[in-house]
Amino acid sequence: MEIVNEEQQQDINILKRALLVEDYVPCCKIMTHSLHKLGYQVDLAVDGMTAIKNIQSKAYDLILADIRLSEISGRDVIQNVRDSTLNTGTPLIIWSAFVNQNNEEKYLAWGVDGVLIKACSYRQLKNTIQQCFKTPKYKRKFYFQLKILIKKWNELFTERTVLGTDFVDRFKSILWEGLTIAEEYQQWLKFHTK
């Protein structure tokens, strides 16, 4: 039986899956090549609708998306990532030619983990991805699950509904969802603090 030391372990390539959401062919080729160099298998979505279908059907290790897309906006793609069951905690990077400090802050507030200007270098891409992975996926997932839960909770109490069975059922459902999220997070904490 061969023992693998830490140095050798780093050389072992584990296939990771990335979703690239980009409609401009030259940019697709450049970013796909860079992501392959970083060990990612790349699924390509050339429009927002295809991106959403992929987000809802496959779990990804990384999602890199243009903000200006046909059919659906990049903001809608971001929202779908954060609302999805499979990719809530997936690191999400916006890659756009239209990035300035105001836009970057706006994109981060929308739920992205990193922002890159198109025509970024391989090193910038690698550093941004590494920065995104400093926050564990389970913490990112928990954060966005809580945001969704708070939104549902606020919607429940801002609607002018009669306190009937529908209200009580929705109340129970949101409460149960919150308890499930808290229990899952607690399990992750136990596992990761040992």
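In table form, for the structure just shown:
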{"read-out": "Rounded to whole Hz, the Karplus (6.51, -1.76, 1.60) HN-Hα couplings of the range 96-104, x for glycine and proline", "value": "8, 7, 10, 10, 9, 4, 5, 4, 4"}
{"read-out": "The chain: Cα Rg divided by the 2.2 N^0.38 Å rule of thumb", "value": "1.18"}
{"read-out": "Label-to-label distance, nm, for residues given as GLN101 and LYS137 (7 Å Cα→Cβ offset)", "value": "3.5"}
{"read-out": "Cβ crowding within 10 Å averaged over residues, with 142-149, 45-52 ranked highest first", "value": "45-52, 142-149"}
{"read-out": "LEU116 long-range amide H proximity, modeled H, under 5 Å", "value": "ILE94, TRP95, SER96"}
{"read-out": "Cross-link pairs LYS29/LYS151; LYS126/LYS151; LYS118/LYS190; LYS106/LYS172; LYS137/LYS172; LYS118/LYS151 - those with Cα-Cα distance over 31 Å", "value": "LYS29/LYS151; LYS126/LYS151; LYS118/LYS190; LYS106/LYS172; LYS118/LYS151"}
{"read-out": "³J(HN,Hα) computed for each position of the range 44-49 - Karplus, 6.51 cos²θ - 1.76 cosθ + 1.60, integer Hz, glycine/proline x", "value": "10, 10, 8, 8, x, 5"}
{"read-out": "Rounded to 10°, Cα long-axis angle of helix 25-37 versus longest principal axis of the chain", "value": "80"}
{"read-out": "Cα-Cα pairs of the range 84-132 separated by more than 16 Å (percent)", "value": "41"}
{"read-out": "Segments 55-67, 96-108 sorted - mean Cβ within 10 Å per residue, highest first", "value": "55-67, 96-108"}
{"read-out": "Cα-based convex hull, the range 62-167, per residue volume (Å³, whole number)", "value": "129"}
{"read-out": "Crossing angle, helix 137-158 versus the chain [Cα axis fit, 0-90 degrees, rounded to tens]", "value": "30"}
{"read-out": "Protection-proxy order for peptides 34-41, 167-174, each taking the mean of Cβ atoms within 10 Å per residue, highest first", "value": "34-41, 167-174"}
{"read-out": "With Cα atoms, 0 to 90° folded angle of helix 165-192 axis to the chain main axis", "value": "40"}
{"read-out": "Total charge dipole magnitude, the chain, about the Cα centre, Cβ charges on Lys, Arg, Asp, Glu only, Debye to nearest 20", "value": "280"}
{"read-out": "10 °C / 1.306 mPa s Stokes-Einstein diffusion coefficient of the range 11-97, Kirkwood radius on C-alpha pairs, µm²/s", "value": "124"}
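Since every read-out is calculated from the coordinates, none of them should be taken as a lab result. None of the values given here were measured: they were computed from a predicted structure. Cβ coordinates were reconstructed from backbone atoms using ideal geometry, including for glycine residues, and neighbour counts include every protein chain displayed.
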